[in-house]
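The structure under discussion appears below in the form of structure tokens.
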Amino acid sequence: MKEIDQIKLFDFLLKHKVENFIGVPDSTMKHFINKGLKLKKIIISTREEEAIGIATGMTLSGSKSLVFMQNAGFGNSISTITSLVQMYKIPLIFLIGWRGYLSSDAPEHLLLGKIQPDILKLLGIKTKILNSKNWKKSAQWALKHTDNGNMCALIIRREFHD
């Protein structure tokens, strides 16, 4: 996603009452994260499971939360997602940077990048892949999903190299 679209996505979610943005930084969504940091609305965690725990607590206290992470971190957090978020039906939005989407990405990201859509499908996590044309409609979809008490995932493809 382009820089301007990541910034618009952050602003849109904030405007629509997502109060908590917690996660592990990923350069795929650096503009989204930078916008949140400038507004002092981002909580950086050391691990994805920690981010999910913090977001769960905040959500249970009555405020909407989004957890951001790279897809490798999503892989690390599957147990926390299944044994906490899914089991107790915590309505979180996951924003996941999709490393390994391009076959020219770093080699350590290729296998997980290849199977990422299958993992989400196997876990039963409803997902939308964001781009510059659909980000607003997808964000509205995610907000509706959480309003109905469900978790979901928004995916940002890694389409560049650092």
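The values are calculated or read from the model by the stated rules, or taken from the named source; none is laboratory data. Because the structure is a prediction, the values reported are computed rather than measured. Glycine gets a Cβ as well: all are built from the backbone with ideal geometry, and neighbour counts include every protein chain shown.
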Can you find, within segment 1-54, the residue that is farthest from ARG158 (Cα to Cα) among those that are touching a His at 6+ places or on another chain (Cβ under 7 Å) and either surrounded by 17 or more Cβ atoms within 10 Å (Cβ to Cβ) or aliphatic (A, V, I, L, M) (or both)?
ILE7
Does segment 37-48 contain at least one residue that is modelled with pLDDT under 95 and of a type outside the set (Lys, Arg)?
no
When segment 56-75 is checked residue by residue, the ones that are more than 12 Å from the chain's Cα centre (by Cα) and β-branched (Val, Ile, Thr) are THR56, THR59
Pairs needed: first member in segment 26-38, charged (D, E, K, R); second member anywhere, surrounded by fewer than 22 Cβ atoms within 10 Å (Cβ to Cβ) and outside any loop (DSSP other than H, G, I, E, B); C-beta distance under 6 Å; at least 6 residues apart or different chains.
LYS35/ILE7
Would you call ILE44 closer than 20 Å to ASN131 by Cβ and of a type in the set (A, V, I, L, M, F, W, C)?
no
Segment 78-106: number of residues that are modelled with pLDDT of 95 or more, over 20 Å from PHE21 (Cβ atoms) and among the polar types (S, T, N, Q)
4
The residue from LYS89, LYS38, LYS64 that alone is over 19 Å from ILE125 (Cα atoms) and either in contact with an Asp or Glu (Cβ under 6 Å, 6 or more places away or on another chain) or charged (D, E, K, R) (or both) is LYS38
Identify, by number, the condition in (1) within 26 Å of LYS144 (Cβ to Cβ); (2) in contact (Cβ under 8 Å) with a residue 24 or more places away in the chain that GLU49 doesn't meet.
(1)
Would you please name the residue that is surrounded by the most Cβ atoms within 10 Å (Cβ to Cβ), looking only at residues in segment 107-138 that are at pLDDT below 95, touching a helix residue (DSSP H, G or I) at 6+ places or on another chain (Cβ under 8 Å) and among the aliphatic types (A, V, I, L, M)?
LEU112
